[in-house]
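Worksheet: the structure to be examined is printed underneath.
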Amino acid sequence: MKKFFEKHDLFKLTGIFVLIAVLLTWLVSSSYFTAGTLSSNGFNRVGLFDLTTYGLLQIFYFTVVFMFVLVVGGFYKFVGSLEAYDNLTSKIAAKFEGKEKVLVAISILLFGAATGVSTDYLVLFAIIPFVISILAKLKVDKVTGLVATFGGILVGILGATYAPKITGILADSTNGLGVSYGFELASTIVLFAVAYLLLTYFVLARMNKVASDNKSEAALLVDPFIIAKVEEKEDKKKGKKDKKKRKISSVGLAIVLSLVFVVLLLAYIGWEAAFNIKVFADVTKWIQEATLFGENVYSYILGSSLVAFGEWDLLAGAGLLLFASLVIKFVYHIPFDKMLDEYLEGFKVIIKPLAILMMVYLVLEISIIFPTISYLADKIMGLGNNIGTLFASGALTSLFAVDFQYTVSTVGSVFLTFSNTNVAALILQAAYGLIQFIAPTSAILMLGLACLDIKFKDYFKFIWKFALAMLIVIFVVLAILMYV
């Protein structure tokens with residue numbers, strides 16, 4: 001069994017869960033909850049043609065997700081090949097030389113905070129490779145690099161406060177639990193803070209241990225997108241003039257990337273949905289309705305797909321990266337063929353993580369189209385309606401439903417039967433959030449492991465203590481809410 005998982009362990013783990021999801025359709029009747037009561041439709045088994053059909057159909061169902069990941073891969077292979085990018089990331093890394101722990105702690109906090117209010121936390125994947133480039137230059141180990149970036153997103157999911165992707169789904173009175181944004185805010189902030197402090201403590205302790213053990217080259221973080229350089233049209237003369245040109249080129253790229261990152265962060269905060277801030281919606285409406293010579297020229301130029309910050313989908317984010325690529329191409333006089341070649345190379349780099357991500361979503365697709373998890377959740381709930389059974393059923397559902405909205409739609413009505421709806425919502429969020437740290441069906445986790453070429457067992461050796469500690473903390477918080 002050990003040898004079985006030595007190579008391509010991520011593919012094998014996700015493949016096992018695909019097979020489990022299929023096997024459940026043969027063993028468990030197709031079931032779903034209606035107003036908290038289980039209804040069964042008999043067996044709806046997955047056959048070979050079903051597996052291949054839905055395996056390909058997921059490309060259609062989750063096109064937005066897959067295309068975004070693909071574009072991010074191409075974008076960073078392109079910008080990562082520029083000398084300006086190397087200069088920029090080297091300068092930032094130099095400022096944190098000897099302060100690697102500070103950077104790691106800050107990174108986890110910022111990614112977590114952004115996730116906690118994001119309309120789609122996957123958009124943060126567009127920033128992660130930049131941070132990875134810096135961390136790789138600081139020679140941190142792979143797991144530390146994973147935790148500093150993807151781990152921050154996982155903290156934000158667990159302790160999300162005003163994230164439409166999490167809280168907004170729970171707030172939906174039709175398909176969710178009807179709670180309000182910011183429900184049990186103090187308790188959620190406590191979970192976020194404890195998760196952040198614990199994860200930071202464990203990763204900093206790991207950094208100390210790795211440093212004392214004289215980490216091997218194999219364990220070092222490697223930037224997956226830095227392979228070759230694109231020849232830039234710079235002055236070849238040596239000396240101060242050459243240095244000055246490189247400095248200017250780094251500053252120019254820094255401005256472009258900074259603008260991209262700021263727009264991505266602002267565009268994916270639920271301004272109106274979560275905070276009732278309508279300024280971006282009003283500005284967008286003005287742009288769409290503004291006229292010049294009696295025509296909606298601005299709307300024509302920007303296109304009918306223009307939407308306000310807070311309402312962007314991942315395709316809009318991908319479009320921003322493509323536009324930024326063109327700006328960078330003209331600023332640095334990169335031949336179009338070179339840019340295209342680098343994008344194609346980036347697609348090759350990202351194909352393995354993308355394939356694993358597709359397998360994770362295949363688990364989701366089978367579990368939702370051929371619903372069996374509700375039956376198992378009902379068996380758990382049959383043991384009693386309490387925080388323990390609610391958490392267990394939420395965790396099991398999260399393991400197969402993958403995306404939080406499908407977790408809520410699968411078992412949400414059962415959670416509404418609990419005596420305290422706010423606590424029930426917090427249980428479901430906490431169960432989902434904790435599962436994302438440890439499950440081979442966690443989209444963010446598996447994407448990170450695949451991108452950084454980390455074996456699941458190496459990651460699990462690190463994370464299990466954190467997961468156990470957080471499990472205890474979650475139940476302490478829930479017990480206090482219920483019984484104090």
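The values are calculated or read from the model by the stated rules, or taken from the named source; none is laboratory data. What you are looking at is a predicted structure, and each value in this text was computed from that prediction instead of being measured. As a convention, Cβ positions derive from the backbone with ideal geometry for all residues, glycine included, and neighbour counts pool all protein chains shown. Side chains are part of the model used for accessible areas, which takes the heavy atoms of the whole protein and leaves out ligands, DNA and RNA. Shrake-Rupley method; radii C 1.70, N 1.55, O 1.52, S 1.80 Å.
Placing +1 on each Lys and Arg Cβ and -1 on each Asp and Glu Cβ, with no other charges, gives the chain a dipole about its Cα centre of roughly 1920 debye. One chain, two ends: L468 and Y54. Fully extended at 0.36 nm per residue, the span grows by 145.5 nm beyond their Cα-Cα distance. Annotation: peptides 14-21, 194-201, 157-164, ranked by per-residue average of other Cβ atoms within 10 Å with the highest first, follow the order 157-164, 194-201, 14-21. Within the shell of other residues whose beta carbon sits under 15 angstrom from the beta carbon of T441, the net charge comes to -2, with Lys and Arg scored +1 and Asp and Glu -1. With a Cα cut-off of under 27 Å and a minimum spacing of 8 residues unless on different chains, the lysine pairs in segment 336-484 number 9. Seen from G159, the other residues with C-beta closer than 14 Å to its C-beta sum to a net charge of 0, counting Lys and Arg as +1 and Asp and Glu as -1. For L185 and L109, the difference between the fully extended length at 0.36 nm per residue and the C-alpha to C-alpha distance is 25.6 nm. Per-atom-type breakdown for segment 419-484 gives carbon and sulfur 69% of the accessible area (1.4 Å probe, protein chains only). Solvent-accessible area assigned to carbon and sulfur over segment 1-88 amounts to 70 percent, based on a 1.4 Å probe. Please label the shape of segment 152-192 as rounded, prolate or oblate, based on the square roots a ≥ b ≥ c of the eigenvalues of the alpha-carbon gyration tensor (a/c under 1.5 means rounded; beyond that, a/b larger than b/c means prolate, else oblate). Oblate, because a/c is 1.5 or more while a/b does not exceed b/c. Note on I287 and K352: with the Förster distance fixed at 35 Å, the Cβ-Cβ geometry gives a FRET efficiency of about 0.30.
Reported to the nearest whole Å, the Cα centre-to-centre distance from segment 331-373 to segment 392-453 is 23. Relative to the longest principal axis of the Cα atoms of the chain, helix 83-95 runs at roughly 70 degrees. Solvent exposure of segment 404-471 amounts to 28 Å² per residue of accessible area, where only protein heavy atoms count and the probe is 1.4 Å.
Helix 387-401 and the longest principal axis of the Cα set of the chain meet at an angle near 50°. Taking every alpha-carbon pair under 8 Å whose residues sit at least 6 apart, the chain reaches a relative contact order of 26 percent. Each Lys and Arg adds +1 at its Cβ and each Asp and Glu adds -1 at its Cβ; summed about the Cα centre, segment 321-428 shows a dipole of about 120 debye. Does segment 295-383 come out rounded, prolate or oblate, given a ≥ b ≥ c as the square roots of the eigenvalues of its C-alpha gyration tensor, rounded meaning a/c under 1.5 and, failing that, prolate meaning a/b above b/c? Oblate is the answer for segment 295-383, as a/c is 1.5 or above yet b/c matches or exceeds a/b.
In degrees, nearest 10, range 0 to 90: what is the angle between the Cα axis of helix 314-331 and the longest Cα principal axis of the chain? With both axes taken from Cα atoms, the answer is about 10 degrees.
Counting other Cβ atoms within 10 Å, keep those with at most 13, restrict to DSSP loop, and tell me which chymotrypsin sites (Phe, Trp or Tyr not before Pro) in segment 40-149 are left. Of the chymotrypsin sites (Phe, Trp or Tyr not before Pro), the ones in loops of segment 40-149 whose Cβ has at most 13 other Cβ atoms within 10 Å are F43.
Ranked by solvent-accessible area (1.4 Å probe, protein heavy atoms only, all chains present), the residues M482, M381 order from largest to smallest as M482, M381.
Note that segment 112-223 presents 33 Å² accessible area per residue, ligands and nucleic acids not counted, probe 1.4 Å.
Normalised per residue, the accessible area of segment 291-395 is 48 Å², obtained with a 1.4 Å probe and no contribution from ligands, DNA or RNA.
The slack between L340 and N386, meaning 0.36 nm per residue of separation minus the straight C-alpha distance, is 10.9 nm.
Sorted from longest to shortest, the spans of the Cα atoms of segment 40-121 along the three principal axes equal 62, 31, 22 Å.
Judged by the mean number of other Cβ atoms found within 10 Å, the most tightly packed of the peptides 415-425, 25-35, 400-410, 352-362 leads the ranking 400-410, 352-362, 415-425, 25-35. Once the trypsin sites (Lys or Arg not before Pro) in DSSP loops with at most 10 neighbouring Cβ atoms within 10 Å are cut out of the chain, the longest remaining piece is 239-484.
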